[in-house]
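One structure below.
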Amino acid sequence: MYDRSYTFLKDILETPSPSGFEQPVQGVVRSWSSEFADHIQTDVHGNVIASLQPKDPGSAPLRVMFAGHCDQLGLMVEYIDANGYLYFQPIGGWDVAVAIGQRMTVWSKSGPLTGLIARKAPHLLTPEERNKVPQIHELWLDIGVRNKEEASELVQLGDPVTVELGFREMLNGNVTSPAMDDKVGVWVAFEALRLLHQRDRRSAVYAVSTVQEEIGLRGATTSAYSVQPHVGIAIDVTHATDTPGSENKQIGDVKLGGGPVLYRGPNINPHVFAHLEAAAKRAEVPYQVRGANRATGTDANAIQLSRGGVATGLIGIPNRYMHSPVEMVHTDDLINAAILLAEFAASVDETTNWIP
């Protein structure tokens with residue numbers, strides 16, 4: 001991986017962006033894309049849209065949109081008790097069991113504060129408590145203060161909270177971070193735009209770092225409406241099934257390092273799938289295929305239904321342990337997804353047929 005692109009990946013993974021609080025990471029995205037994009041804008045919703053125009057300025061080009069969502073799971077401070085313990089509600093779909101015992105960061109007006117999610121020590125749990133996964137309102141965040149007054153000087157109700165952020169390299173090209181979902185999709189979209197910067201192309205390409213996907217595909221809805229793409233490709237994580245206990249008969253056979261996943265199904269335009277598959281073969285990158293028998297819970301769903309309809313595709317990045325603090329992906333899958341997208345966008349134009 002190109003060194004500066006690798007730095008960009010680490011930077012976005014180590015920058016907070018709970019849904020609705022994506023401003024810090026979007027600053028990183030704007031800074032990176034300013035090196036190669038023709039135009040960059042941030043809309044009123046917070047989406048960052050970077051674009052490249054075709055080499056022929058007189059053409060009326062096909063508009064291609066790449067979308068990855070920059071928002072991550074988070075928590076929001078809802079209550080401070082008399083002893084200064086913080087109680088919270090989830091931003092996005094949490095598995096409460098993985099939250100217990102985590103180091104957290106409260107992103108407060110006074111700066112980042114370290115906190116711990118805890119419950120009673122196992123020695124003090126009753127048999128009933130020991131065998132029960134607690135509800136989220138039964139957990140608390142300890143930031144080490146003495147009382148409510150001290151906590152309230154540091155923390156406001158509504159402050160966002162994330163798992164302690166970080167990026168770790170592992171064996172065999174694997175990497176882990178709490179926020180792979182879906183900052184790797186952002187990375188792929190903008191790396192593809194970087195690769196296209198020096199290539200001949202007959203389409204206008206828009207890379208969008210969308211917001212608020214985890215709470216309802218909101219940023220993709222608004223950005224697709226304004227970009228008005230003819231073709232839209234969402235890049236999101238997908239479940240890697242090469243772990244113990246996975247049921248391949250239900251969710252397919254997807255491996256880390258096996259290549260980006262090309263989706264087929266009602267959410268996917270068949271011509272977009274065919275062109276993505278052909279691009280993968282021309283670029284000689286490995287790929288995997290997965291079926292989705294209904295609308296996906298990704299930005300692809302919102303893009304497909306924008307305005308009068310958009311020819312839509314979906315690329316999945318294999319991800320182990322989704323929606324946990326230890327999400328894991330393979331760097332080769334990211335690189336190959338970006339190469340595939342660049343090849344796709346360089347090979348289509350206004351004459352390409354997208355009608356099923």
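All of the numbers you see were taken from the coordinates with simple rules; none came from a lab. Owing to the predicted nature of the structure, the values given are computational and were not obtained by experimental measurement. Ideal geometry is used to build each Cβ from the backbone, glycine not excepted, and the neighbour counts take in all protein chains shown.
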**Study point:** In order through the range 14-28: 3J(HN,Hα) via Karplus (6.51 cos²θ - 1.76 cosθ + 1.60), integer Hz, x for Gly, Pro
**Key:** 9, 10, x, 7, x, 3, x, 10, 8, 4, x, 6, 5, x, 5
**Study point:** Helix 180-196 vs. the chain, principal-axis angle (Cα, 0 to 90°, nearest 10)
**Key:** 30
Revision key, fill the gap. For the range 336-348, in residue order, the Karplus 3J(HN,Hα) values (coefficients 6.51, -1.76, 1.60; θ = phi - 60°; whole Hz; Gly and Pro = x) are 5, 5, 5, 4, 4, 5, 4, 4, 4, 5, 6, 10, 10
Review point. Once amide H atoms are built 1.01 Å from N in the peptide plane, which residues 5 or more positions from ARG201, or in another chain, come under 5 Å H to H?
Key: LYS55
**Study point:** Within-12-Å neighbourhood charge of LYS255 [Cβ basis; K, R +1; D, E -1]
**Key:** -2
Exercise for review: Place the peptides 209-221, 93-105, 303-315 in order of packing, highest mean first, counting for every residue the other Cβ atoms within 10 Å and averaging per peptide.
Suggested key: 209-221, 303-315, 93-105
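Counting pairs of alpha carbon atoms under 8 Å apart in space and at least six apart in sequence, what relative contact order in percent does the range 291-356 give?
18
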Point to revise | Unsatisfied cross-links (Cα-Cα over 29 Å) in the set LYS255/LYS281; LYS120/LYS148; LYS109/LYS183; LYS109/LYS132 | key: LYS109/LYS132
Review point. Once Rg and Dmax of the Cα atoms in Å is worked out from the coordinates, which option in (1) 20.6, 69; (2) 23.8, 75; (3) 21.2, 74 does it equal?
Key: (3)
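State the antiparallel share, in %, of DSSP beta bridges confined to the chain, rounding to the nearest 5.
Close to 60 percent.
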Point to revise | Per principal axis, descending, Cα span of the range 33-168 in whole Å | key: 73, 36, 27
Point to revise | For q = 0.12, 0.24 Å⁻¹, Debye-computed log10 I/I(0) when each Cα of the range 174-233 counts as one equal scatterer | key: -0.36, -1.10
Exercise for review: Run a plain Debye calculation on the range 158-258 (Cα atoms as equal point scatterers, no solvent) and give log10 I(q)/I(0) at q = 0.10, 0.18, 0.20 Å⁻¹, rounded to two decimals, same order as the q list.
Suggested key: -0.41, -1.14, -1.23
